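These notes are about the structure you will find just below.
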Amino acid sequence: MLGFLLARAGVRVTVLEKHADFLRDFRGDTIHPSTLDVVAELGLLEEFLQLPHQQVKQLVGEVYGERIPLADFTHLPTRCRFLVMMPQWDFLDFIARQAMQLPNFTLLQQHEVTALRRRGTQVIGVAAGSRGHQLDIDADLVIGADGRHSIVRRDAGLPVEDFGAPIDVLWFRLAKDANDRDQTAGYIWPGLFFVMIDRGDYWQCAYVIPKGGGDAVRAAGLPALRARLAHRLPFLRDNLESLTDLDQLKLLEVQVNRLTRWHAPGVLCIGDAAHAMSPVGGVGINLAIQDAVAAARILAAPLYARCLSTADLQAVQQRRMFPTRLTQRMQVVVQQQVISRVLRAAGDEAESMPRVPRILRLIQRFPLLGRIPARLIGVGVRPEHIA
């Protein structure tokens, strides 16, 4: 997104895109109303919504057997009052197609940054590789938008503050049938935290596990996993027959961390490269898009004039640090105070069922309260706009 926005402003941009089968096949993403506002400001909303997607106007959860509304997006002050559920790769392909229509935008697919190139302490470009072929690319500014395992971040030696994460997530698909529920939802039982995302012809499922618990799930085998899910979610019994191979389980090792300094001379990190987000709330891509919009607005003029300064890079971090800190803080609280407690629960049938958390009871009793999590999820702490 940042490359597209800078190219629209007249800056010459080269983007390296590393192929990621995990993104294409299993990572689904929530495109938030604030991101849809940005797409609308680019004049691309109608075309974007022609892509296959599902629209979610409300989020609901089944908590200890009770169906509870969690967030209502229909009252947001945005153009689109719904979440768009779409595979991340489709969104990235759409943005790339738009950008490639610009004469000063170059996309190098199947390329990966292998190292930063320097002149003294100044980063002057990158070394990149593709299928054994190496090339050097010069740049006034290198943007690290290469995720939580960022090579740019690592090579720049930027300091990282880690907040820990007590959970990981196993992603997998389940086939749908004609009798399925038709709503994206989360399910909470003692010892079980499970999310189902409607992808049209299949369910994309997130099975939350304790940190490092992936090996134990695999060692127990698929029959044990299917039995565990069917016990608490009997409506999935037939769907679970489509889970036939352990290779269908894709592990997301959850991290929550951020750089204390996002930049060095000639380099800037944004998105997950600057702040790895938990999947809680599905807000990671929203933060990344907002980072990109803010960075483009701040950096386009000095990059075009070739007078970029450290103060310009610092301005991006100053603009985006507060929403990053607050969002990560909320994610850490949810992980520790809600999800971890659910996973630690014994789930003993002889024990009485835990009480539904008070905050969820309040949302259930006073539906207007559902607008608060909707605002935090759908818009975020500090939305950004093109102009």
Exercise for review: Could you please tell me the mean projected area of the C-alpha convex hull for the stretch 38-100, averaged over all directions and given in square nanometres to one decimal?
Suggested key: 5.4
Review point. Using the Kirkwood formula over every pair of different C-alpha atoms, what hydrodynamic radius in Å results for the stretch 241-387?
Key: 18.3
Check your understanding: What residue among 50, 290, 314 shows peak mean-square fluctuation when the chain is described by a Gaussian network model with Cα springs under 10 Å?
Key -> 50
**Study point:** Neighbour-count ranking [beta-carbon atoms within 10 angstrom, fewest first] of 78, 327, 244
**Key:** 244, 78, 327
Study note, to complete from the structure: For 269, 205, 307, ascending order of other Cβ atoms within 10 Å (fewest first) is 307, 205, 269
Review point. Most fluctuating residue of 254, 356, 60 in a GNM of the chain with Cα springs under 10 Å: which is it?
Key: 356
Study note, to complete from the structure: On each of the three principal axes the extent of the alpha-carbon atoms of the stretch 168-233, given in whole Å and largest first, is 33, 20, 19
Check your understanding: Can you tell which of 90, 272, 245 shows the greatest fluctuation in a Gaussian network model of the chain with Cα springs below 10 Å?
Key -> 245
Review point. Nearest 0.05, what FRET efficiency do residue 326 and residue 385 give at R0 = 25 Å with Cβ-Cβ as r?
Key: 0.85
Practice item. Report the calculated FRET efficiency for residue 106 and residue 250 (r = Cβ-Cβ distance, R0 = 25 Å), to the nearest 0.05. Key: 0.20
Practice item. Treat every Asp and Glu Cβ in the chain as -1 and every Lys and Arg Cβ as +1, leave all other atoms uncharged, and give the resulting dipole magnitude about the Cα centre to the nearest 20 debye. Key: 1140
Practice item. Using only C-alpha atoms and all pairs of different ones, pull out the Kirkwood radius for the chain in Å with one decimal. Key: 22.2
Check your understanding: Length gain on complete extension for the stretch residue 222 to residue 12, per 0.36 nm per residue less the alpha carbon to alpha carbon distance?
Key -> 70.6 nm
**Study point:** Within-13-Å neighbourhood charge of residue 97 [Cβ basis; K, R +1; D, E -1]
**Key:** -4
Revision key, fill the gap. The whole-number value in µm²/s of the Stokes-Einstein translational diffusion coefficient for the stretch 60-185, with Rh from the Kirkwood sum over alpha carbon pairs at 25 °C and 0.890 mPa s, is 123
**Study point:** DSSP beta bridges in the chain [antiparallel fraction, %, rounded to 5]
**Key:** 80
Exercise for review: Determine the calculated [θ] at 222 nm for the chain from helices alone, applying -39500 (n - 2.57) to every DSSP H run no shorter than 4 residues and normalising by the residue count; nearest 500 deg cm²/dmol.
Suggested key: -10000 deg cm²/dmol
Review point. Over the stretch 239-322, what number does the Rg to Rh ratio reach, with both radii from the alpha-carbon atoms and Rh per Kirkwood?
Key: 1.19
Review point. Where the centre of each part is set by its Cα atoms, how far does the stretch 290-322 sit from the stretch 103-129, in angstrom?
Key: 19
Check your understanding: Using 1/(1 + (r/R0)^6) with R0 = 22 angstrom and r between the beta carbons of residue 183 and residue 358, what's the FRET efficiency to the nearest 0.05?
Key -> 0.35
**Study point:** Ranked 260, 35, criterion: other C-beta atoms within 10 Å, fewest first
**Key:** 260, 35
Practice item. Using a cut-off of 15 Å between beta-carbons, work out the net charge of the residues near residue 164 (Lys and Arg +1, Asp and Glu -1, residue 164 not included). Key: 0
Study note, to complete from the structure: Kirkwood Rh over alpha-carbon pairs of the stretch 110-157 plugged into Stokes-Einstein at 4 °C, 1.567 mPa s gives a D in µm²/s of 118
Practice item. Would you mind counting up the charge near residue 327? Only other residues with Cβ under 13 Å from its Cβ, with Lys and Arg at +1 and Asp and Glu at -1. Key: +4
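Bear in mind these aren't lab numbers, they're just calculated from the coordinates by the rules spelled out. Keep in mind that what you see is a predicted model, and the values were worked out from it rather than measured. Cβ coordinates were reconstructed from backbone atoms using ideal geometry, including for glycine residues, and neighbour counts include every protein chain displayed.
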